[in-house]
Structure formats: structure tokens, C-alpha cells
Amino acid sequence: MPTDFHGRTHRLELADQSLRTWDATVMASDPELGIVLDRSAFYPGGGGQPPDHGVLLWGGVQTRIIGARSGDDLYLLPHVEDPLPPPGTAVRGALDDARRSTLMRTHSALHLLSGVVFRDFGALVTGGNMEPGLARMDFDLPDPPADFKDRVAAACAAEVAADRAILVTNLAREEAFAIPDIIRTATNLLPPDLEVVRIVDIVGLDTQADGGTHVASTRQIGGIEVVKMENKGKGFRRLRVRLTD
Ligand SMILES: [Zn+2]
């Protein structure tokens, strides 16, 4: 599928979210622009999920990767103190597994949260952000009940215990937009020339067009604590959540 490429880089994480090490060749390298690989599993950031960290191993040394930048190509940003592999170098890429795995659980928790709040309170998501193990999500919810936070927490716990499958599929644009939930969440966000849409589905709870990385089932998220609800005025409610294990 053409959507698995960004410029010259085959984005391996889109098809295999469990991949942590792989072999690649350096296509371009510059201390300021960054490093372009032919194959990469580094999630470059987007949709509220921050970029992966990790290393490139080559020639007996390592280059730490501390971020990414999207342009005509996908540029991996090296640590300023580390050596730079020249173009043509064969490297072994390796992700910081603890960071990525926690981000996958955190990102999946936000899908679960948005699904629960839409199903039980009819509220749409207006924004969100995350770091490993911590996240916030904003809702358009003018009049939440007094026990809103507790009901959301109970519903999240029930959905984790239900161990719903989280599936990733690629659909043709027309097929994707025939799903009512996709129209609800993504119609205005997706580029008009996108032919294939990546769909992330918590089976029976929430369906979204999405480019991020997720765990395979809701039980793999683990405990979700609803830390607090903030009232930002004019129907704007912000929920802060934290993974508890
Ligand atoms: Zn997602």
C-alpha cells in the first residue's frame, strides 16, 4: 500500500506495531536535517502521539535517535553528541521499547476513553495529547452529570476487563467514509487526495481513522486512572488520565 511510504522511507511500524529492531540503509544524513532510512519503524509523531526514541547501530558505534521531522522525507533526529552514519551505511535500528510500549498503551487508552465518553454521554473529542503513561483529552460536553468522572472511570475499567480486540485495517477512501464513526471523527482532518485510509477499531466500541501505534486488545492497556476533570468553560471539559500499571 502506498500509504506505508513517507518519501523514500518504508514505514514498517504501520503494518507491524510489535517490531522493535530491523535492518536498514542510510539514504541521506545531515547533522541538522537528520537521517533518512530506506526502512524505519520509528513512529515520527502525530495525532497526539510523540515520536519514538531509539538507536541506530553501525560500525561498532551507535547513533541515538531523539525525535523525527516530517518533510518531503522522514528525517530522524540524531543526538548532537553522536556520530552520524554516512549515506549508504547499513544500520540496525532499535526502538526504546519501554517508551514505545507505554505510548501504545497510552494511545489505546485515549481511543477507549473517547469511545466511552461518546457512547455514554454523546460528547465529541475536540483535542488531546499524551506522553508515556499520561494523557489528556478534551470534549465538547456542556452539561456533564455530577458523577461524570466516576462513571467514566468505571466504564473504562469495564472496557479494559472486556478485553476487546483492537484491529488495524486499510480501507479505500469511499469504503472508509461509509462508516458513520469515521465521518464523525475524521472527514475534515484527512487530506483530500488520500486514497487509502488506515482504520483503528476497538471492536464494538470505537472506530477511527488513525496513523498511530496501539496495543492489540483493551486488556493490554492495563489500569486507567481518571485523574481529574477540568472545566475550561463554554462546554469545554478536559479529562486527565494516567496508566496505573
Ligand atoms: Zn490511535
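The values are calculated or read from the model by the stated rules, or taken from the named source; none is laboratory data. Only a predicted model underlies this, so the values are computations on that prediction, with no experimental measurement involved. Cβ sites come from the backbone with ideal geometry, for glycine too, and all protein chains shown count toward neighbours.
Observations on the structure shown:
- Applying a threshold of 9 Å to beta carbon distances and a minimum spacing of six or more residues, or different chains, the list of pairs starting in segment 77-93 at a residue that is in a loop (DSSP other than H, G, I, E, B) and ending at one that is of a type in the set (Phe, Trp, Tyr) and surrounded by 11 or more Cβ atoms within 10 Å (Cβ to Cβ) reads Pro83/Trp58; Pro85/Trp58; Thr89/Trp58.
- Filter pass, Gln220 being within 13 Å of the ligand (Cβ to nearest atom) and either crowded, with 18+ Cβ neighbours inside 10 Å or at pLDDT 90 or above (or both): no
- Under the condition of being near the ligand (Cβ under 8 Å from one of its atoms) and closer than 20 Å to Phe42 by Cα, the residues counted in segment 199-217 number 6.
- Of all residues making up segment 28-58, the number that are crowded, with 19+ Cβ neighbours inside 10 Å, within 16 Å of the ligand (Cβ to nearest atom) and part of a strand (DSSP E or B): 1
- Residues in segment 97-142 that are outside any helix (DSSP H, G or I), touching a residue at least 60 places away in the same chain (Cβ under 8 Å) and more than 18 Å from the chain's Cα centre (by Cα) were compared, and the one that is farthest from the ligand (Cβ to nearest atom) is Pro142.
- Those residues of segment 179-198 which are away from the ligand (no atom under 14 Å from the Cβ) and either at pLDDT 85 or above or in a strand (DSSP E or B) (or both), in sequence order: Val196
- Taking each residue of segment 49-76 that is farther than 19 Å from His107 by Cβ and looking for partners that are of a type in the set (Lys, Arg) and part of a loop (DSSP other than H, G, I, E, B) with beta-carbon atoms closer than 7 Å, six or more apart or interchain, yields Asp73/Arg8.
- Looking across segment 6-38, the residues that are under 19 Å from the mean Cα position of the chain (by Cα) and among the charged types (D, E, K, R) come down to Arg11, Glu13, Asp16, Arg20.
- Flag for Thr169 being polar (S, T, N, Q), modelled with pLDDT of 90 or more, outside any helix (DSSP H, G or I) and surrounded by fewer than 19 Cβ atoms within 10 Å (Cβ to Cβ): yes
- Any chance Ser18 is closer than 30 Å to Asp163 by Cβ, in contact with a His (Cβ under 6 Å, 6 or more places away or on another chain) and polar (S, T, N, Q): no
- Verdict on Gly128 being under 18 Å from Val200 (Cα atoms), in contact with a helix residue (DSSP H, G or I) (Cβ under 7 Å, 6 or more places away or on another chain) and either among the small types (Gly, Ala, Ser) or modelled with pLDDT of 95 or more (or both): yes
- Meets criteria (farther than 28 Å from Gly133 by Cβ and touching a Gly at 6+ places or on another chain (Cβ under 7 Å)) for Ala28: no
- Filter pass, Thr89 being more than 16 Å from the ligand (Cβ to nearest atom), closer than 28 Å to Leu12 by Cβ and of a type in the set (S, T, N, Q): yes
- With respect to the stated conditions, Lys149 fails to be in contact (Cβ under 8 Å) with a residue 40 or more places away in the chain, away from the ligand (no atom under 15 Å from the Cβ) and not in a helix (DSSP H, G or I).
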